[in-house]
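S.K.: One structure, pasted below without further comment.
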């Protein structure tokens, strides 16, 4: 049995006794309409349960009201909080979101972008792009025809806008705080396929070399850093590595890895922070709910999203490109303490 046919704008016009153009004006609110006419059209819309066809309206107006967002993963709450900031901001400007997930894959990232461009989005926001593997000409051509904003992207594309946290400064702050507590053997836990990890490892190497305690065995790449398996993979890697290298602190490139580090320490019967300190990065909600609560770097995730949304709307309306860099803040909780003498 076929379902009931949805009401059209023609049905609404007939019910209200007005023209299709008048219904369009009431729905879009772009032209003045007599109060009594507006009441009649609104009553017809309610009676017929009419839902405007956004795609048809955009075709008629030749203007999209959709922002495309490409995210590496949906498993890390970091991205969810960034998207929350984006959505809250674009909604105020009458835009909606269309979300695509790149599954931490540079090629899939480009496929997601092509799919969104094919849907005629008004602008694009790409979160934590895989720019180290980026085909520069692809993104350069993209920026020439589509308003483009990168969140935590480090490869400069002419015409694109950027919003990022000072991740390099944040990592230096995290390491400095550990060093002040007497930690010399600091194990870095990072992931693959993200500029963010490259930036943080570079800072780590420079810092540890300055301190005269750089050890290649204290750098661990656990693979996918934002996947459903990140916590377990981190724990598995550390179960083997911690007894071998015996660090006094573990500095993780995100909070999912830090939770994995907590789990590994529990399995090895290492008390945190009495036997070993664990430092996270991001300050996702989960960092407050684990035991002990994570000391971490706050990346202002909601503000990242808000800023990116404001930049893409500005790019759509005025064609201006900008770069915004936000600061980080050390959030001191329970997982870090002085190194054992």
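S.K.: Would you tally the residues in region 282-314 being more than 18 Å from the chain's Cα centre (by Cα), farther than 16 Å from residue 91 by Cα and surrounded by fewer than 24 Cβ atoms within 10 Å (Cβ to Cβ)? Don't jump to the end; show me each part of the working.
M.R.: Going residue by residue through region 282-314, those that are more than 18 Å from the chain's Cα centre (by Cα) are 288-295, 314.
Narrowing the set further to residues that are farther than 16 Å from residue 91 by Cα leaves 288-295.
With surrounded by fewer than 24 Cβ atoms within 10 Å (Cβ to Cβ) added as a condition, the list becomes 288-293.
Looking only at that region, the number is 6.
S.K.: Now for a different question. Collect the residues in region 236-271 that are surrounded by fewer than 21 Cβ atoms within 10 Å (Cβ to Cβ) and either without any contact (Cβ under 8 Å) to a residue 12 or more places away in the chain or within 27 Å of the chain's Cα centre (by Cα) (or both), keeping them in residue-number order. Before you say what the answer is, go through the steps one by one.
M.R.: Going residue by residue through region 236-271, those that are surrounded by fewer than 21 Cβ atoms within 10 Å (Cβ to Cβ) are 236-237, 239-246, 248, 263, 266-271.
236, 237, 240, 263, 266, 269, 271, listed by residue number.
S.K.: Ok, one more. Just a yes or no: is a residue in region 234-251 at pLDDT 95 or above, more than 23 Å from residue 214 (Cβ to Cβ), in contact with a strand residue (DSSP E or B) (Cβ under 8 Å, 6 or more places away or on another chain) and not assigned by TED's automatic domain parsing to the domain that holds residue 80?
M.R.: Let us first name the residues in region 234-251 that are at pLDDT 95 or above, namely 234-251.
With more than 23 Å from residue 214 (Cβ to Cβ) added as a condition, the list becomes 235-236, 239.
Filter once more, keeping what is in contact with a strand residue (DSSP E or B) (Cβ under 8 Å, 6 or more places away or on another chain): none.
There is no residue in region 234-251 that is at pLDDT 95 or above, more than 23 Å from residue 214 (Cβ to Cβ), in contact with a strand residue (DSSP E or B) (Cβ under 8 Å, 6 or more places away or on another chain) and not assigned by TED's automatic domain parsing to the domain that holds residue 80.
S.K.: If the requirement is being touching a helix residue (DSSP H, G or I) at 6+ places or on another chain (Cβ under 7 Å) and over 28 Å from residue 83 (Cα atoms), which of these qualifies: 178, 239? Please lay out each step first, then the result.
M.R.: Numbers: 178 fails: touching a helix residue (DSSP H, G or I) at 6+ places or on another chain (Cβ under 7 Å).
The match here is 239.
S.K.: I'd like the residue in region 176-201 that is part of a helix (DSSP H, G or I) and under 22 Å from the mean Cα position of the chain (by Cα) and, out of all such residues, is farthest from residue 279 (Cα to Cα).
M.R.: Of the residues in region 176-201, the ones part of a helix (DSSP H, G or I) are 176-180, 195-201.
Adding the requirement that they be under 22 Å from the mean Cα position of the chain (by Cα) leaves 195-201.
Values: 195: 20, 196: 16, 197: 15, 198: 18, 199: 17, 200: 13, 201: 15 Å.
Ranking the qualifying residues of region 176-201, first place goes to 195.
S.K.: Among the residues in region 203-225, are any touching a helix residue (DSSP H, G or I) at 6+ places or on another chain (Cβ under 9 Å), at pLDDT below 95, within 22 Å of residue 81 (Cα to Cα) and surrounded by 15 or more Cβ atoms within 10 Å (Cβ to Cβ)?
M.R.: Yes, the conditions are met somewhere in region 203-225.
S.K.: Moving on. Take the conditions over 23 Å from the mean Cα position of the chain (by Cα), in contact (Cβ under 8 Å) with a residue 40 or more places away in the chain and either more than 23 Å from residue 180 (Cβ to Cβ) or not in a strand (DSSP E or B) (or both) and apply them to residue 274. Does it pass? Break it down stepwise before answering.
M.R.: Values: over 23 Å from the mean Cα position of the chain (by Cα): yes; in contact (Cβ under 8 Å) with a residue 40 or more places away in the chain: yes; either more than 23 Å from residue 180 (Cβ to Cβ) or not in a strand (DSSP E or B) (or both): yes.
Taking the combined requirement at face value, the residue satisfies it.
S.K.: With region 99-175 as the region, which strands (runs of 3 or more DSSP E) entirely inside it contain at least 1 residues that are at positive phi?
M.R.: In region 99-175, no matching strands (runs of 3 or more DSSP E) lie anywhere.
S.K.: Could you tell me whether residue 144 is without any contact (Cβ under 8 Å) to a residue 40 or more places away in the chain and under 17 Å from the mean Cα position of the chain (by Cα)?
M.R.: Values: without any contact (Cβ under 8 Å) to a residue 40 or more places away in the chain: yes; under 17 Å from the mean Cα position of the chain (by Cα): no.
Answer is no for this residue.
S.K.: Answer yes or no as to whether residue 66 is modelled with pLDDT of 85 or more and under 30 Å from residue 146 (Cα atoms).
M.R.: On the way: modelled with pLDDT of 85 or more: yes; under 30 Å from residue 146 (Cα atoms): yes.
Spelling it out, residue 66 is indeed modelled with pLDDT of 85 or more and under 30 Å from residue 146 (Cα atoms).
S.K.: Among the residues of region 74-93, is there at least one that is part of a loop (DSSP other than H, G, I, E, B), at pLDDT below 85 and within 27 Å of residue 306 (Cα to Cα)? Steps first, please.
M.R.: Of all residues in region 74-93, those part of a loop (DSSP other than H, G, I, E, B) come to 74-76, 93.
Adding the requirement that they be at pLDDT below 85 leaves none.
The answer is no; no qualifying residue exists.
S.K.: Still on this model: Within region 32-46, which residues are closer than 26 Å to residue 96 by Cβ and in a helix (DSSP H, G or I)?
M.R.: Once the filter is applied, which keeps residues that are closer than 26 Å to residue 96 by Cβ and in a helix (DSSP H, G or I), region 32-46 yields 38, 41, 42, 44, 45, 46.
S.K.: All but one of (1) in contact with a helix residue (DSSP H, G or I) (Cβ under 9 Å, 6 or more places away or on another chain); (2) at pLDDT 90 or above; (3) over 29 Å from residue 310 (Cβ atoms) hold for residue 100, so report the exception by its number.
M.R.: That leaves (3) as the condition not met.
S.K.: Only residues that are in contact with a strand residue (DSSP E or B) (Cβ under 6 Å, 6 or more places away or on another chain) and either not assigned by TED's automatic domain parsing to the domain that holds residue 203 or not in a loop (DSSP other than H, G, I, E, B) (or both): list them for region 277-287, please. I'd like the intermediate steps shown before the answer.
M.R.: In the first step, residues of region 277-287 are kept if they are in contact with a strand residue (DSSP E or B) (Cβ under 6 Å, 6 or more places away or on another chain); the result is 277-281, 283, 287.
Hits for region 277-287 are 277, 278, 279, 287.
S.K.: May I ask you to list the residues in region 29-41 that are surrounded by 12 or more Cβ atoms within 10 Å (Cβ to Cβ) and in contact with a helix residue (DSSP H, G or I) (Cβ under 7 Å, 6 or more places away or on another chain)?
M.R.: Of everything in region 29-41, those that are surrounded by 12 or more Cβ atoms within 10 Å (Cβ to Cβ) and in contact with a helix residue (DSSP H, G or I) (Cβ under 7 Å, 6 or more places away or on another chain) turn out to be 33, 37, 38, 40, 41.
The values are calculated or read from the model by the stated rules, or taken from the named source; none is laboratory data. Predicted, not measured: the structure shown is a model, and the values here were computed from it. Virtual Cβ from ideal backbone geometry, glycine too; neighbours counted across all protein chains shown.
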